[in-house]
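S.K.: Attaching a single structure in structure tokens format; questions to follow.
Where a number appears in this text, it was derived from the coordinates with a stated rule and is not lab data. A quick note: this is a predicted structure, and the numbers were derived from the prediction, not measured. Cβ: placed from backbone, ideal geometry, glycine included. Neighbour counts: every protein chain shown.
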Amino acid sequence: MNEIIVNGSPRSIAAGATLEDLLTELGLDRRWVVAELNGEPLPRERFGSVRLSRGDRLELVRPVAGG
């Protein structure tokens, strides 16, 4: 298990887990998530290939439409 920070809170994930794995675990649809890993924005097409490592800081945002 690896410990990462997701939106400011610690979270344990399986070693070798990808961002896509985490989104699935959280019940989030990748089409509606904006992600930033260690201060760098990630394009959605990389969610399945980016492996999360111990100490990573991840910010996940779900945009909301409205006016």
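S.K.: What does the convex hull of the alpha-carbon atoms of region 4-44 project to on average, in nm²?
M.R.: 3.0
S.K.: List the residues, sorted by chain then number, that are 5 or more residues from Thr18 or on another chain and whose placed amide H is less than 5 Å from its amide H.
M.R.: Those lying under 5 Å, H to H, from Thr18 are Leu52.
S.K.: Return the calculated 222 nm mean residue ellipticity for the chain, to the nearest 500 deg cm²/dmol, obtained by summing -39500 (n - 2.57) across DSSP H runs with n ≥ 4 and dividing by the residue count.
M.R.: Computed mean residue ellipticity for the chain: -3000 deg cm²/dmol.
S.K.: While we're on this one: Given charges of +1 on the Cβ of Lys and Arg and -1 on the Cβ of Asp and Glu, with all other atoms neutral, how large is the dipole of the chain about its Cα centre, in debye to the nearest 20?
M.R.: Computed about the Cα centre, the dipole is about 60 debye.
S.K.: Per 0.36 nm of contour for each residue apart, how much would the distance between Glu20 and Val64 grow if the chain were fully extended, relative to their Cα-Cα spacing?
M.R.: Roughly 13.8 nm would be gained on extension.
S.K.: Moving on. Taking θ as phi - 60°, what are the ³J(HN,Hα) couplings along region 11-25 by the Karplus curve (6.51, -1.76, 1.60), each to the nearest whole Hz, with x for Gly and Pro?
M.R.: Values, residue by residue: 8, 8, 10, 5, 4, x, 5, 9, 4, 4, 4, 5, 4, 4, 4 Hz.
S.K.: If you don't mind, another one. Tell me which residues come under 5 Å, amide H to amide H, from Asp56 once H is placed; ignore anything under 5 positions away on its chain.
M.R.: Under 5 Å from the amide H of Asp56: Ile5.
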